[in-house]
Structures are given as structure tokens and as C-alpha cells.
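Worksheet: one structure, shown below.
The values are calculated or read from the model by the stated rules, or taken from the named source; none is laboratory data. Model, not experiment: these values are computed from the prediction. Don't worry about glycine lacking a Cβ; one is built from the backbone with ideal geometry, like all the others, and counts go over all protein chains shown.
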Amino acid sequence: MDTDLVILGGGPAGLTAGMYAARARIPLIILERGQTGGQMAATATVDNYPGFTDPIFGAELAERMETQARKFGVTIQYGDVQSIERKTQGFTVSLESADPLQCQAIIIATGASPVKLGIPGELDLAGKGVSYCAVCDGPFFQGFDVAVVGGGDSAVEEAVYLTRFAGTVHIIHRRDDLRACKEIQEKALAEPRIVVHWSTIPVEIIGDGEVKGIRIRSVKTGQEETLSVGGVFFYVGLRPNSEPFRHLVETDSAGFVLTDQDMNCSNPGLFAAGDIRVKTLRQISTAIGDGAIAAYSAQHYLEKLPR
Ligand code: FAD
Ligand code: NAP
């Protein structure tokens, strides 16, 4: 065995699971394919993480969690997990460009990624004005008008963030009511540079090599309008990063993983934590709670294995 425990994903759930497992003296490796901190690291400011009375940058919170995990001896290896297979003893974790790892137990904390609508122009212009991350790309839109698609916490919160750079920020939302929590809504609706286009959907991103506009349609009247914008940010929900292990665990129809309250998956030795789970509230605070419980359950599972 290369190690006892492998944790897939170095977001808040994975880093917390790593910290708890390391403090229990379990040999472990966190595998992360992108940026440590996951979605949290790509969040502008976090207002609702207990203990921080002033907003903290998502990237700073991510760095603090990583530093704390490393302080307790957590090893983070960068690599994209391609698949997991069960062996007679334990599991094999295959990586895109590294040797496979053998381990006794796995905590799945691969989180979720932005949904792509796939409307004309969206994928062609991705990285050329179409973005899924305001924190990463917002500063490129200094002085431009931009559109944000969606009405959830992400869309509305990131629209407020984009007012730091952009001229007008157009929110394109398919209903007459925002899904975002009231506190976030109030901030956005009080911002004079945010214009909400109620009951509208995006139908095409216009541009040739760079975004020039977005065509939107009223879902009530069918009337279409083109807004002249230099950037379009999509926040239309999340899809689970569950491809490498979907064949091994029970999921819902969207691919989110089902666990019991101790984070056990349907297959012994596999645990899941954070946004990858079927759950009602996807937050940093709930991801870290899941991570702590998953590590505790993995510890008990490992202790019972014959040595
Ligand atoms: P993630 O953060 O998604 O981390 C999963 C990690 O797994 C990622 O780093 C990913 O690269 C890695 N991974 C995935 N697949 C693989 C693979 N195959 N191989 C290796 N690594 C892999 N929550 C709050 O509480 N407050 C906020 O203010 C807030 N703001 C948000 C703003 C935005 C724009 C968004 C999108 C989310 C926000 N959230 C906020 C939600 C919060 O960020 C998530 O609930 C939280 O990050 C989930 O943590 P996680 O560890 O489960 O998953
Ligand atoms: P979300 O809550 O699923 O919201 C997605 C939004 O996109 C909804 O407004 C939805 O409209 C819209 N939408 C979905 N499909 C669409 C389509 N085909 N065409 C047009 N619009 C479409 O996703 P999210 O905002 O990314 O949030 C994900 C999770 O992260 C949530 O649990 C959220 O609470 C959490 N989060 C928390 C914070 C925070 O605490 N500050 C910040 C960001 C995210 P409808 O409303 O009509 O369904």
C-alpha cells in the first residue's frame, strides 16, 4: 500500500478531512487537480464563515486552511484523478500523469463545477469574454459593461463584486424572484450599477474572437433584445465532479453522492464530504463539517481492518 487514506480534492472538505486524519496519525495523501481551496479559493469575499467578523477573501481562507493542514503533516499531491477501482484489498486510484496509488480507504471531496448552458457562442467564446469565475477574470473587464446569468447566491454575489471593475452589470435571470439569500439580494438591488433583467434567458453570446454582446429573450413575451457587453459570466448551478467513481457509489440522478450521516458511501471504505454529496446546503461551513466527520469515520474503518 502506498498510503492508508487518499482524499480526492483539496477544497474545504478535503483539507479539513486531511487535517483531522493527520491529527489521528493516519498516513494520507490529498490529490488535487487544480487550485487548493477549490471553489472557495475562487470566491471574492466570504461573509458568512463563523469567526471572521470582517469579510475574508476566499483565496486567503483557502491559504489558511492549506497551511493549517500542512502544519499537521498533510501531503498534497497535484494530479487529476481519472478512476478508482476496488481491489481485493483496498483501492487503486489512477491519475492522469502519475503512477497509480494503492490505499485502504478513500474520502471523496471532489466538489462541483459550474454548469455550462451550451447556448450558441458560449463555448466558442469561453476565455474570450465568457467566464465562469468573476474572481479570476473580473479585473479584465475594467470599464466594460458585463452580463451575469443566473439568480442564485453565486450570480448575485459575484455581480456585486463585478461592479468594482465593470460599468453596468446586467443580471439575466429566468424568473421574477431571485434565488439568492435576502442579504445578498439586498446588496445587489441597492447597487445602482446593477440592472436586473427579470424573466429573461440568454439565447446567444455574440462576438467573433471576443464577446461583443448577449442576446436575451423574455420568457413571458418572447421578445428579444441585444445587450452590448464585453463579458458574460455564467452562474447557472453546479454539476458534481463524480465521473471517476460513479460506478462504485450510489448517486442521485445528477451524480451527487449519497451518504449516511457519518459520510459512509454505499460501498465500504469509501466516504464522501462537501458539495459532492446529496445535501440541502452547499457552503464552506457545511463542507468542513462533512470533512471532519468523514475523517473520523475513515479512522474507525481503518482501525477495524486486519493488519
Ligand atoms: P470544492 O470547493 O468544489 O473543492 C473540490 C476540489 O476537488 C477542487 O479543488 C477540485 O479541483 C478538486 N477535484 C475535483 N475533481 C477532481 C479530480 N478528478 N482529481 C483531483 N481533484 C479533483 N460558500 C460559503 O459558505 N460562503 C460563500 O461566500 C460562498 N461563496 C461562493 C461563491 C461562488 C462563486 C461559488 C461557486 C461558491 C461559493 N460558496 C460559498 C460555496 C462553497 O465555495 C462550496 O460549498 C465549497 O467550496 C465546497 O467545498 P468542497 O471541498 O466540497 O468542494
Ligand atoms: P444555484 O443555487 O443552483 O443557482 C443557479 C441559478 O441559475 C438559479 O437562479 C437558476 O434559476 C439559474 N438557472 C439554472 N439553470 C438555468 C438555465 N438553464 N437557464 C437560466 N438560468 C438557469 O447555484 P449557485 O448560485 O452557483 O449556488 C450553488 C451553491 O453554492 C448553493 O448551495 C449556494 O448557496 C452556494 N453558494 C453560497 C454562497 C454564499 O453563501 N454567500 C455564495 C455562492 C454560492 P432558478 O432560480 O429559476 O432555479
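Quick grid of which residues meet (1) charged (D, E, K, R); (2) farther than 17 Å from T110 by Cβ:
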| position | (1), (2) |
| --- | --- |
| F271 | no, no |
| D275 | yes, no |
| S285 | no, yes |
| A298 | no, no |
| K304 | yes, yes |
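Which of the residues spanning the stretch 95-136 are under 30 Å from D2 (Cβ atoms), hydrophobic (A, V, I, L, M, F, W, C) and surrounded by 15 or more Cβ atoms within 10 Å (Cβ to Cβ)?
Of the residues in the stretch 95-136, the ones under 30 Å from D2 (Cβ atoms) are 95-113.
Applying the additional criterion that residues be hydrophobic (A, V, I, L, M, F, W, C) yields 95, 98, 101, 103, 105-109, 112.
Across the stretch 95-136, the qualifying residues are L95, L101, C103, A105, I106, I107, I108, A109, A112.
A single member of I216, I284 is under 30 Å from Q142 (Cα atoms), touching a His at 6+ places or on another chain (Cβ under 8 Å), at pLDDT 95 or above and β-branched (V, I, T), and it is I216. Per the listing R179, R174, the residue uniquely in the same structural domain as S228 (by TED's automatic domain parsing) and touching a strand residue (DSSP E or B) at 6+ places or on another chain (Cβ under 9 Å) is R174. Restricting R70, R86 to residues that are within 24 Å of C265 (Cβ to Cβ), more than 16 Å from ligand 2 (Cβ to nearest atom), of a type in the set (K, R) and surrounded by fewer than 23 Cβ atoms within 10 Å (Cβ to Cβ) narrows the list to R86.
Condition first: within 9 Å of ligand 1 (Cβ to nearest atom) and assigned to a loop (DSSP other than H, G, I, E, B). Now tell me which residues in the stretch 27-69 satisfy that. R33, G34, Q35, T36, G37, A42, T43, A44, D47, N48, Y49, P55, listed by residue number. Q35 satisfies every condition listed in (1) at pLDDT 95 or above; (2) surrounded by fewer than 20 Cβ atoms within 10 Å (Cβ to Cβ); (3) within 13 Å of the chain's Cα centre (by Cα) except (1). Of all residue pairs spaced 6 or more apart or on separate chains, those with beta-carbon atoms under 6 Å, a first member in the stretch 6-26 that is in a loop (DSSP other than H, G, I, E, B) and near ligand 1 (Cβ under 6 Å from one of its atoms) and a second member that is among the acidic types (D, E) and at pLDDT 95 or above are G10/E32.
A quick yes/no check of all residues on (1) touching a helix residue (DSSP H, G or I) at 6+ places or on another chain (Cβ under 7 Å); (2) buried (at least 21 other Cβ atoms within 10 Å of the Cβ):
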residue	(1), (2)
A166	yes, yes
K187	yes, no
T200	no, yes
E204	no, no
G207	no, no
E224	no, no
S228	no, no
Y235	yes, yes
R246	no, no
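Checked against (1) more than 11 Å from ligand 1 (Cβ to nearest atom); (2) touching a strand residue (DSSP E or B) at 6+ places or on another chain (Cβ under 7 Å), H247 meets all criteria but (2). How many of the residues making up the stretch 275-295 are out of contact with any Gly (no Cβ under 6 Å at 6 or more places or on another chain) and away from ligand 2 (no atom under 13 Å from the Cβ)? Of the residues in that region, 7 qualify. Elements of the type strands (runs of 3 or more DSSP E) sitting completely within the stretch 191-305 and holding at least 1 residues that are within 20 Å of the chain's Cα centre (by Cα) and of a type in the set (V, I, T): these cover 231-234.
The number of residues in the stretch 256-277 that are away from ligand 1 (no atom under 12 Å from the Cβ) and either among the small types (G, A, S) or farther than 26 Å from T88 by Cβ (or both) comes to 3.
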